[in-house]
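**Q** For reference, the structure I am asking about is given below.
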Amino acid sequence: MPTLPPWSRMTIQQGDITTFAVDAIVNAANTRLAGGGGVDGAIHRAAGAAQLQEACRQLGGCTTGDAKITLGFNLPAKHIIHTVGPVYSDGSRNEAALLASCYRRSAEVAVENDCRTLAFPAISTGVYGYPFEEAARIALQTVANTLQMTPTIERVDFVFFGTADFERAQAIYADLSARG
Ligand code: APR
């Protein structure tokens, strides 16, 4: 079957990412991969905190903009790709490039591990303070660009927790996908 173009392989969803039965969900982690609040806390709880913490410990941390993989344990997802977004300060500290790198590296790790369906949360837009609109544009455009070069990835779901974020992301998807 021919590979669909990038925007046709991307969807905007609302919900709790821990319920997504995909090959890999992506976690918005910290450099120590130590677990935390927000989506990280939800993923650790749902996967089984003790076993995920032990798997993360063996990875020896992760630098900002990079990504590492573990099993999904009790999750419906087979794997968890842990990526570390930038803490947003004022936009002049390489935040955009680091955020784009999270999405690109997560996709590369997915390909290396034969993960064909992925779900991303809105990395860095919670505790790390990245302005939502800007972060969502970077997320969608980076994944669209990456999917050009990763034909084995069949579908990427972008999962937004709240209704307001979901609706803003839908508008950004419509805008960016219309430009091609
Ligand atoms: N499903 C999907 N999205 C979620 C969920 C969930 N269950 N829970 C929270 N979110 C959303 C938030 O609404 C936010 O838009 O995830 C987005 C990212 O927010 P955070 O989880 O705060 O992640 P981030 O801003 O990248 O900060 C990472 O938070 O808990 C710590 O260990 C983590 O130190 C790291 C930091």
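Bear in mind these aren't lab numbers, they're just calculated from the coordinates by the rules spelled out. Keep in mind that what you see is a predicted model, and the values were worked out from it rather than measured. Cβ: placed from backbone, ideal geometry, glycine included. Neighbour counts: every protein chain shown.
Each row is one residue, and each column tells you yes or no for (1) closer than 20 Å to Arg45 by Cα; (2) touching a strand residue (DSSP E or B) at 6+ places or on another chain (Cβ under 9 Å).
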| position | (1), (2) |
| --- | --- |
| Leu59 | yes, yes |
| Thr83 | yes, yes |
| Ala96 | no, no |
| Asp114 | no, no |
| Pro131 | no, no |
| Arg137 | no, no |
| Asp157 | no, yes |
| Thr163 | no, yes |
| Arg168 | no, yes |
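**Q** Restricting to the range 139-155, give me the number of residues that are over 15 Å from Thr117 (Cβ atoms) and in contact with a strand residue (DSSP E or B) (Cβ under 8 Å, 6 or more places away or on another chain).
**A** 3
**Q** Run down Ser106, Ser92, Ser124 and say which single residue is of a type in the set (Ser, Thr, Tyr) and free of Cβ contacts under 8 Å to residues at least 40 places away in the same chain.
**A** The unique qualifying residue is Ser92.
**Q** Which condition from (1) touching a residue at least 12 places away in the same chain (Cβ under 8 Å); (2) over 13 Å from the mean Cα position of the chain (by Cα); (3) buried (at least 19 other Cβ atoms within 10 Å of the Cβ) is the one that Val22 breaks?
**A** Status for Val22: all satisfied but (2).
**Q** In the range 119-173, what residues are more than 20 Å from Thr19 (Cβ to Cβ), part of a loop (DSSP other than H, G, I, E, B) and small (Gly, Ala, Ser)?
**A** Scanning the range 119-173 gives Ser124, Gly129.
**Q** Could you tell me which numbered condition Glu167 fails, if it satisfies all but one of (1) surrounded by fewer than 19 Cβ atoms within 10 Å (Cβ to Cβ); (2) in contact (Cβ under 8 Å) with a residue 40 or more places away in the chain; (3) more than 7 Å from the ligand (Cβ to nearest atom)?
**A** Among (1) surrounded by fewer than 19 Cβ atoms within 10 Å (Cβ to Cβ); (2) in contact (Cβ under 8 Å) with a residue 40 or more places away in the chain; (3) more than 7 Å from the ligand (Cβ to nearest atom), the lone unmet condition for Glu167 is (2).
This table checks each residue for (1) in contact with a Lys or Arg (Cβ under 7 Å, 6 or more places away or on another chain); (2) surrounded by fewer than 20 Cβ atoms within 10 Å (Cβ to Cβ).
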| residue | (1), (2) |
| --- | --- |
| Asp16 | no, yes |
| Ala28 | no, no |
| Val39 | no, no |
| His44 | no, no |
| Glu54 | no, yes |
| Gln58 | no, yes |
| Ala67 | yes, no |
| His79 | no, no |
| Asp90 | no, yes |
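**Q** All but one of (1) without any contact (Cβ under 8 Å) to a residue 60 or more places away in the chain; (2) more than 17 Å from Thr18 (Cβ to Cβ) hold for Ile80; state the number of the condition that does not hold.
**A** Here Ile80 meets the rest and fails (2).
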